[in-house]
Amino acid sequence: SALVIPDGCVGLPTVAAVQQGIPVIAVKNKNLMKNDLQALPFRAGQLIYADSYLEAAGILTALKHGVAVSSVRR
C-alpha cells in the first residue's frame with residue numbers, strides 16, 4: 001500500500017498514512033497547494049518525492065516488489 005498525492009496536498013488520507021506508516025509518494029507539479037509535507041511527522045523513508053506520475057508508478061512497482069527506491073535512483 002502507498003498513497004500518491006500532488007506535492008503539498010494535506011488531507012485526511014495523508015494524515016492517516018502518516019499515522020499508519022504507509023509510504024506517501026508526492027508528485028512534484030505545479031499546483032496551488034502551499035502545504036509543507038516535510039512538516040508532518042513522517043518516519044524515515046516514508047515520504048518519497050517523484051517528478052511525474054509515471055515515476056510514481058515506477059516507485060509503486062518497486063515498493064510492491066520489495067526493491068529499495070534508493071537503489072534504483074540516480
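The values are calculated or read from the model by the stated rules, or taken from the named source; none is laboratory data. Every value quoted in this text rests on a predicted model; they were computed, and no experiment measured them. Neighbour counts run over all protein chains shown; Cβ positions are idealised from the backbone, glycine included. Just so you know, the surface numbers come from the protein's heavy atoms only, side chains and all, with ligands and any DNA or RNA stripped out. Shrake-Rupley method; radii C 1.70, N 1.55, O 1.52, S 1.80 Å.
With a sphere of radius 13 Å drawn around the Cβ of Pro23, what net charge do the other residues whose Cβ falls strictly inside it have (Lys, Arg +1; Asp, Glu -1)? Please list the in-between numbers first.
Values: positive: Arg43, Lys64; negative: none.
Spelling it out: positives minus negatives among the neighbours equals +2.
Relative contact order of the chain: 30 percent, from C-alpha pairs under 8 Å at least 6 residues apart in sequence. Where only DSSP H runs of four or more residues are counted, the chain gives -9000 deg cm²/dmol as its mean residue ellipticity at 222 nm, each run worth -39500 (n - 2.57). According to the Kirkwood relation over distinct C-alpha pairs, the hydrodynamic radius of the chain is 12.5 Å.
Against the chain, whose longest principal axis is taken from its Cα atoms, helix 53-64 shows a tilt of about 60°. With all protein chains present, how much of the accessible area of the chain (probe radius 1.4 Å) comes from carbon and sulfur, to the nearest whole percent? Solvent-exposed carbon and sulfur of the chain make up 57 percent of the total. Measuring with a 1.4 angstrom probe and ignoring ligands and nucleic acids, Leu47 comes out at about 40 Å² accessible.
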